[in-house]
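Since the structure comes first, as structure tokens, the remarks are kept for the end.
What follows is calculated from the coordinates using simple rules that are stated; it is not laboratory data. Computed from a predicted model, the values in this text were never measured in an experiment. Cβ placement follows ideal geometry from the backbone for every residue including glycine, while neighbour counts extend to all protein chains displayed.
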Amino acid sequence: MDFADYINATVTLYGIADDAMTGAVLRCGPSSHVYIDGLSQWRDNERYTALEVTGTLVEDGSDLGLRPDDGTVVHGIGQH
């Protein structure tokens, strides 16, 4: 799924609940992590479980600084 096609649209995503340093995320694939606005972390009984989340998908920030000219990936939050 290319999230760019669904920016500012209401979507239903399926994934695994997980916590990151900057908040709760839904892991929708190996490189697709969607941050859940307003949720700093999942409850203990939700973390690492398969969930369905519905909401408006928004883009915040840019991934441009995460890929230098040499092609390596720099750790960071990016736009997901």
Could you give me the ³J(HN,Hα) list for segment 21-27, computed from phi with Karplus coefficients 6.51, -1.76, 1.60 and θ = phi - 60°, whole Hz, x at Gly and Pro? 4, 9, x, 6, 10, 10, 7
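Using the Cβ atoms and a cut-off under 11 Å, what net charge is assigned to the surroundings of W42, where Lys and Arg are +1 and Asp and Glu are -1? It would help to have the intermediate numbers written out before the result.
Working: positive: R43, R47; negative: D18, D19, D44, E46.
Charge balance in the 11 Å sphere: -2.
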